[in-house]
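So the structure is just underneath, and the comments pick up after that.
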Amino acid sequence: MTVLLRKVTKTPLDFEVKSDEITFKGYLEYHAGKLILLKADLFGSADMECSRCGNFFKLPVDEKIEFFICDGLYQDENNIDIDVIESFNSQADLDELLVSEIELIKSDYHSCEACEQN
């Protein structure tokens, strides 16, 4: 699902994107300047490889996601530390954002139930 950033206003634009067993559901809302706020929940389960034994297991996912999307190059003028994704084509590809959030979760260390008990 692709959203044109210029169409995002102060009225929240709801979205829901699914991938396998994970749902990415939330809204986009104009914030200020070239910044669009994305607030969403990421929930479901992901196939994960145990960092200890290498066996695969289902990891329950329940995350709150919040960051800004900048329509173009982000220039921090106030030295405020915020999470910003830059878009150089004036679009937000929510499917791509979902995949990157899943990959971010997978890049962490996770242990299966059997390894956690040992």
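The values are calculated or read from the model by the stated rules, or taken from the named source; none is laboratory data. Remember, predicted model here, so these are calculated numbers, not experimental data. Using ideal geometry, Cβ is built from the backbone for each residue, glycine included, and neighbour counts are taken over all protein chains shown. Accessible surface areas use protein heavy atoms only, side chains included; no ligands, DNA or RNA. Shrake-Rupley method; radii C 1.70, N 1.55, O 1.52, S 1.80 Å.
Going by what's in this entry, would L98 be described as within 20 Å of T9 (Cβ to Cβ) and not charged (D, E, K, R)? Criteria not met by L98. Is it the case that F57 is within 30 Å of N118 (Cβ to Cβ) and among the aromatic types (F, W, Y)? Yes. Can you spot a residue in the stretch 106-118 that is more than 15 Å from the chain's Cα centre (by Cα), under 15 Å from V8 (Cβ atoms) and of a type in the set (S, T, N, Q)? No, the stretch 106-118 has no match at all.
Taking the conditions (1) touching a Cys at 6+ places or on another chain (Cβ under 8 Å); (2) assigned to a strand (DSSP E or B) in turn, E63 satisfies each one other than (1). Here the stretch 45-60 is the region considered, the condition is being assigned to a loop (DSSP other than H, G, I, E, B) and in contact with a strand residue (DSSP E or B) (Cβ under 9 Å, 6 or more places away or on another chain), and the residue that is farthest from Y109 (Cα to Cα) is N55. Out of all the residues in the stretch 98-118, which are open to solvent by less than 90 Å² (accessible area, probe 1.4 Å) and either free of Cβ contacts under 8 Å to residues at least 24 places away in the same chain or not in a loop (DSSP other than H, G, I, E, B) (or both)? Result: L98, V99, S100, E101, I102, I105, K106, S107, A114, C115. Return a yes/no flag: does the stretch 83-91 have any residue that is in contact with a Phe, Trp or Tyr (Cβ under 6 Å, 6 or more places away or on another chain), at pLDDT below 95, part of a strand (DSSP E or B) and among the acidic types (D, E). Within the stretch 83-91, one or more residues are in contact with a Phe, Trp or Tyr (Cβ under 6 Å, 6 or more places away or on another chain), at pLDDT below 95, part of a strand (DSSP E or B) and among the acidic types (D, E).
Scanning the stretch 45-72 for residues that are of a type in the set (A, V, I, L, M, F, W, C) and open to solvent by 90 Å² or more (accessible area, probe 1.4 Å) turns up just one, F56. For the stretch 14-44, the tally of residues that are part of a strand (DSSP E or B) and either touching a helix residue (DSSP H, G or I) at 6+ places or on another chain (Cβ under 7 Å) or open to solvent by less than 70 Å² (accessible area, probe 1.4 Å) (or both) stands at 19. Just to be sure, is N89 under 15 Å from V8 (Cβ atoms), polar (S, T, N, Q) and exposed (fewer than 14 other Cβ atoms within 10 Å of the Cβ)? Judged against the criteria, N89 is a match.
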